[in-house]
Amino acid sequence: MSTKSFKTSLRVTWADTDAAGVVHYSNYFRFFERAEEEFYASLGFTFTDLRDSGLWLPRVEAFCQYKKPSRYNDVLEIEVSVEDLREKVFRLGFKVTNKASGDLLTLGHLVIVAADKQAGKATKIPLSILEKLRPLAKQIL
């Protein structure tokens, strides 16, 4: 991922693991969303701000490629980058590493559409958000 990224850390809890003692695959999507929330906060807005403005950010694609397992009490570093930015859609990339070992654990992405909550349709990403995402974007279309 490029230097235009955001990093945050989280600790794997017991509830994140499965019977094999490793993080259940579905939990990486929760980790992505936790990192996404921290990313937005670093840019100066929250999901509450979006909701109150009538904006909804549904996911239209979610992908995760698993490289190595993570276990209880591991501290993970999650790097978030804006891989693609369009008028109504953006793609966030995620890179998860074990903070202690530096091992790459997962790569993933979410494709997110800006939508008007009332109309239930795609809408332009508000300029206030676009201006915050644009300097971080690897690709602008």
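Annotations for the structure displayed:
- Heavy atoms of W56: accessible area, 1.4 Å probe, square angstrom to 10: 130 Å²
- Residues E36, E61, ordered by accessible area of protein heavy atoms at a 1.4 angstrom probe radius and largest first, appear as E61, E36.
- The chain: angle of helix 27-43 to the longest principal axis, Cα-based, in degrees nearest 10: 50 degrees
- Where D52, D84 fall by accessible area, highest first, once all protein chains stay in place (1.4 Å): D52, D84
- Accessible-area composition of the chain, carbon plus sulfur, in percent [1.4 Å probe]: 51 percent
- The loop-placed trypsin sites (Lys or Arg not before Pro) in the stretch 7-73, going by DSSP, that have at most 16 neighbouring Cβ atoms within 10 Å of their Cβ come out as K67.
- Per-selection Kirkwood Rh - the chain (Cα, Å, 1 d.p.): 15.7 Å
- In summary, the lysines within cross-link reach of K67, defined as a Cα separation below 26 angstrom excluding same-chain residues under 8 places away, comprise K4, K7, K95, K99, K138.
- With DNA, RNA and ligands ignored, accessible area of L107 (1.4 Å probe; Å², nearest 10): 50 Å²
The values are calculated or read from the model by the stated rules, or taken from the named source; none is laboratory data. Keep in mind that this is a model prediction, so the values were computed, not measured. Methodologically, a virtual Cβ is constructed for each residue, glycine included, from the backbone with ideal geometry; neighbour enumeration extends over all protein chains shown. Surface areas here come from the heavy atoms of the whole protein model, side chains and all, with no ligands, DNA or RNA. Shrake-Rupley method; radii C 1.70, N 1.55, O 1.52, S 1.80 Å.
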